[in-house]
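This report refers to the structure that appears directly beneath it.
The values are calculated or read from the model by the stated rules, or taken from the named source; none is laboratory data. Quick caveat: nothing in here was measured; it's all calculated off a predicted structure. Glycine also receives a Cβ, built like all others from the backbone with ideal geometry; neighbour counts cover every protein chain displayed. We work out accessible area using only protein heavy atoms, side chains counted, and drop any ligands, DNA or RNA first. Shrake-Rupley method; radii C 1.70, N 1.55, O 1.52, S 1.80 Å.
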Amino acid sequence: MLSIQDSLTTQELIIEGAGCASCVGKIEKALSALDGVSKAEMNFAQRIVSVTGSVGSENLIYAIEQVGYNAKTSTAETESDALEEKEQADQMYYVKLIREMSIALGLGVPLMLYGLFIGEMTINTDAERLVWLIVGLLTASVMYFAGKHFYIGAWNSFKNHSANMDTLIALGTGAAWVYSMVVVFFPSAVPEMARHVYFEATAMIIGLINLGLALELKARGRTSLAIKRLIGLQAKTARVIRDGQEIDIPIESVLLDDHVRVRPGEKISVDGFILKGHTAVDESMLTGEPMPVEKNEGDELVAGTLNKTGSVIFKAQRVGKDTALAQIINMVKRAQNSKPPIGRLADVISAYFVPVVMIISILSALIWLNFGPDPVMAFAIVSATTVLIIACPCALGLATPMSVMVGVGKAAEAGVLIRNGEALQTTSKITTMILDKTGTITLGSPKVTDVVVTGGESKESVLQLVASLESGSEHPLAMSIVESAKEQGVSLLEVSDFHAIAGHGVEAVVNGQKVLFGNQKLMHKQNIDLGDYVNQAQMLAAEAKTPMYFAVDSVFSAIIAVADPIKEDSISAIKRLQNNGIRVVMLTGDNRATAKAVAAKVGISEFFAEVLPEDKSNKVQELQMKGEIVGMTGDGINDAPALAMANVGFAIGTGTDVAIESADITLMRGSLHGLADAIAVSKATLRNIKQNLFGAFIYNVAGVPVAAGVLYPIFGVLLNPVIAGAAMAFSSLTVVSNANRLRFFKAKEH
Amino acid sequence: MMMLVNLLGILLIAGIVWWFWVYKPKSKEASDGVQIIVVENGVYAPARINLESGKATNISFMRKDQSPCAGTVVFSALDISEELPVGKIKTIHIPKLDSGTYTFGCQMQMYRGELVVN
């Protein structure tokens, strides 16, 4: 077993809670006291201690905690460092594969050309035996220098009771070489017609498969371009203000509550909110929203976005792995590696594939030996070798993950975060899309449009009472009324006995009066007569406004109407969904008349109004019972149960305030076009996976029997092992290249 | 002569069935929650690991194989998928599991291993 090296190493730890220079001595002393630590030095400004020795980081952290501070390992390796390292490793591997290919083809191509155009690759004289012996030894050196990894891999797998692609290549090339050497050493043991050598096949197959692996490696690199772009958004350093001084430190050393300065043209390093200054920030890389967003004191800044105009100081709120960008990268990476259900069958087949091919190869050889024409030995060895070589489990195994990798990345580029392969697959099958109204179809920031008073009170005094009452509520409509009152300079009064009546409204005591505010149901429940004002309320509702009733001491007093503007592109996005054959349904807690007006405006004919929050998931279930595959789109917080109940839950983010953990798919920009984009990408990805799987299945199902010689009785042809090697090498490449086509996919905007 | 060859062929096939499908190799204990699996030359070593049921553990991977196939390890039943950097130890947290066998492997299922939970 491997043990973690305990030789002298230097580790860096980030210290939290060290506020004074005297802490430095304390920490350094605590660390130096440990056996195995030869040096501990702390940089107070950066809050980093660097420790040389052979002590594990857990023990170092424990020692620091014992003297009253917190510490964490400096994961000095950022995502971009890891990516760079991976690229370097891939490049080295690519060079190695190309070198091995050149060695193998260097022998294989001249041999093949000789066999095709110059002479026979048979042994009839002693001189020929000598020449072919030398060629056989050269081939053995090719097997060693260019194909060693196949043989070692095959042997290791065998010892482990498993078999993989290496097994097939090693057996195929090995069988061809061993047979040829038998012909060289014991020609008399083989019938004269069968004294053929296959050294060129061994060398060519090793060369071609190495070439295929090299090209596949390059193509694979392109499948991860999207994640590379996301990782590239991360800033490398941040300018923090510590002890009144501005210093540049690596972003992984930024601590919570650090004050960070960001200047025009710089990337925001961590998530936080502005303490001082104002600026415009380009958030398009995360949200797809092209216009820069104005940011003032108190506004949030998101890591990875670009500061355009002003210099600001902000307070770090989320650092390291907690930033929205880090979470997005993490989620995209996980989703890229997850497998949709469609790929599971291929996994099951892959598990049995290699031993089955080995069995077919033996059966094929036996059939040729028993029933084949002369030279039976040559036919048997060629067919057995070709079966082993042509079969490609890799193409099958790669078919799904490569497409998912590109598809999920492509979606992320469009501001659509897909949680996993299953969500990706189900999205392609959605038949009904339910849209929540507030914040999904509309902007979610309603404004007071009308105040209709019944008695002699002024509009201001009514607004003052209602706003005071609503100041304790978190409902978006309530917040809009409080906002409007503040805008008009109305001061709020003290509220007592506040009760929220779910789905109906609120009641409380304000200024010694019992006040009631809510919908018609609430008024009916409390036996409050609304008179003719119901008609007026209906007229307001028909204008897509939401009217609410206000009563003081059980006497109806006013109607307050609020309206939530519809998002600019909701109408076109909904049309786009409908054009794709998707049934669009609107769901809202709002009253029927308002719901009808909004639905009519955006072109939705089917809607459910006055749905209580807890009933939203029942509506989803009802549609599912009717056989619909339901997508539910909401804000991800209030609609969480309905999102969970739906086949696919879409959380719609406003700006970068994403609730990444709450839904199957998160739309980072507020536009509903993200829904159609998500569906289009998932359909394209599924189509691509099906093409890949179909191709890989057909390739193997047709290739293996042809290699075994089923065409021989009809057409008299038997596949050459070299052609089988080329086909095998390029079948994986074809799958990866087909997946890469998805990179050029563009969703239609209509 | 042909009889002998045919018999040899059939024995070979029986051997393949037994070696790859019927025989269950011994598994290694994850001692003290630390187990390092080396990813090299087409295999995980060790490829079968014994875990105690109802107890979370950590498993570390050390990838020595540069081939891209070795680059990702997927525990599909556990919804875990992690990238393995070359030449570095990557530790993966395995949550509490019920008794049973959980497979893990590369994306193409060429590298294969099992967690045997008792």
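Per residue, how much accessible surface does chain B expose to a 1.4 Å probe? Answer in Å², no decimals. Intermediate values should be presented prior to the final figure.
Working: 5830 Å² over 118 residues.
Roughly 49 Å² per residue, with all protein chains present.
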Divide, for region B:26-117, the radius of gyration over alpha carbons by 2.2 N^0.38 Å, where N is the residue count.
0.98
Net charge (Lys, Arg +1; Asp, Glu -1) of residues whose beta-carbon lies under 12 Å from that of B:Ser76, B:Ser76 excluded, is 0
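Pull up the DSSP beta bridges for region B:26-117 and report the antiparallel fraction as a percent, rounded to 5. Intermediate values should be presented prior to the final figure.
Details: 20 of 31 bridges.
Roughly 65 percent of the DSSP beta bridges within region B:26-117 come out antiparallel.
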Placing one equal point scatterer on each C-alpha of chain A and summing with Debye, one gets log10 I(q)/I(0) at q = 0.05, 0.06 Å⁻¹ equal to -0.42, -0.57
Among A:Val404, A:Asn210, A:Phe608, whose Cα lies farthest out toward the positive end of the dipole of chain A, if unit charges sit on the beta carbon of Lys, Arg (+1) and Asp, Glu (-1)?
A:Asn210
Simple label model, 7 Å out from Cα along Cβ direction - A:Ala33 to A:Leu137, nm:
7.0
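Per 0.36 nm of contour for each residue apart, how much would the distance between A:Lys72 and A:Lys228 grow if the chain were fully extended, relative to their Cα-Cα spacing?
On the way: separation 156, 0.36 × 156 = 56.16 nm, distance 2.65 nm.
That pair, A:Lys72 and A:Lys228, stretches by 53.5 nm at full extension.
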What number, in percent, do you get for the relative contact order of chain A if the mean sequence gap of Cα pairs under 8 Å and at least 6 apart is divided by its residue count?
13
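With +1 assigned to the C-beta of every Lys and Arg and -1 to the C-beta of every Asp and Glu, and no other charges, what is the dipole magnitude of chain B about the Cα centre in debye, to the nearest 20? Don't jump to the answer; show the numbers that get you there.
Details: 11 positive and 10 negative charges, 38 e Å.
I would put it at about 180 debye.
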Where does the Debye-calculated log10 I(q)/I(0) of region A:410-458 sit at q = 0.26 Å⁻¹, using only Cα point scatterers of equal weight, no solvent?
-1.05
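Given a 1.4 angstrom probe, I'd like the percentage of the accessible area of chain A that is carbon and sulfur, rounded to a whole number. Kindly include the intermediate steps, with their values, before the conclusion.
Working: 18530 of 32550 Å².
Whole-percent figure for carbon plus sulfur exposure: 57.
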At 7 Å along Cα-to-Cβ for each site, give me the label-to-label distance between A:Gln538 and B:Leu12 in nm.
8.8
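Can you say what percent of the DSSP beta bridges in the protein assembly as shown, counting only those with both residues inside, are antiparallel? Round to 5. Write down the numbers at each step before the final one.
Values: 96 of 126 bridges.
So the antiparallel bridges amount to about 75 percent of the total.
Excluding ligands, DNA and RNA, what is the accessible area buried between chains A and B, summed over both sides, using a 1.4 Å probe, to the nearest 100 Å²?
Values: alone 34560 and 7930 Å², together 38380 Å².
Answer for the A-B pair: about 4100 Å² buried.
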Ordered by number, the residues of region B:74-109 that have at least 50 Å² less accessible area in the complete protein assembly than on their own chain alone (1.4 Å probe) are B:Asp79, B:Ser81, B:Glu83, B:Lys88, B:Gln107, B:Met108, B:Gln109
If DNA, RNA and ligands are ignored and the probe is 1.4 Å, what is the ranking of A:Phe150, B:Phe20 by accessible area, most exposed first?
B:Phe20, A:Phe150
Which parts of region A:310-342 would a label at A:Ala644 reach, counting a residue when its backbone N lies under 18 Å from a point 7 Å out along Cα-to-Cβ?
none
Of the cross-linked pairs B:Lys64/B:Lys90; A:Lys267/B:Lys88; A:Lys267/A:Lys567, which ones have a Cα-Cα span greater than 22 Å in the structure shown?
A:Lys267/B:Lys88; A:Lys267/A:Lys567
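At 1.4 Å probe radius, can you tell me the per residue accessible area of chain A in Å²?
Values: 32550 Å² over 750 residues.
Using a 1.4 Å probe on heavy atoms only, each residue of chain A averages 43 Å².
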Can you give the extra length, in nm with one decimal, that the chain gains between A:Ser605 and A:Asn579 once fully stretched, where that is 0.36 nm per residue apart less the Cα-Cα distance?
7.9 nm
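Which helices, counted as full DSSP H runs in chain A, have an axial Cα extent of no less than 27 Å and a Kyte-Doolittle average of 0.5 or above? The partial results should precede the final answer.
Working: long enough: A:79-113 (48 Å, 0.03); A:126-159 (40 Å, 0.60); A:165-185 (30 Å, 1.53); A:199-223 (36 Å, 0.74); A:344-371 (39 Å, 1.77); A:393-413 (31 Å, 0.97); A:673-708 (52 Å, 0.64); A:721-741 (30 Å, 0.86).
Qualifying helices: A:126-159, A:165-185, A:199-223, A:344-371, A:393-413, A:673-708, A:721-741.
Counting Lys and Arg as +1 and Asp and Glu as -1, each charge on the Cβ, what is the dipole of the protein assembly as shown about the Cα centre in debye, to the nearest 20? Could the numbers behind the result be given before it?
On the way: 73 positive and 85 negative charges, 482 e Å.
For the protein assembly as shown, the charge dipole is close to 2320 debye.
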Anchor A:Lys437: aspartates and glutamates whose Cα lies under 13 Å away (excluding residues fewer than 8 positions away in-chain):
A:Asp564, A:Asp590, A:Glu606, A:Glu610, A:Asp635, A:Asp639
I'd like the accessible area for B:Glu82, computed on protein heavy atoms only with a 1.4 Å probe and all protein chains in place. Round to 10 Å², please.
60
How many nm is it between the label spots at A:Asp529 and A:Glu84, if each spot is 7 Å from the Cα in line with the beta carbon?
8.0
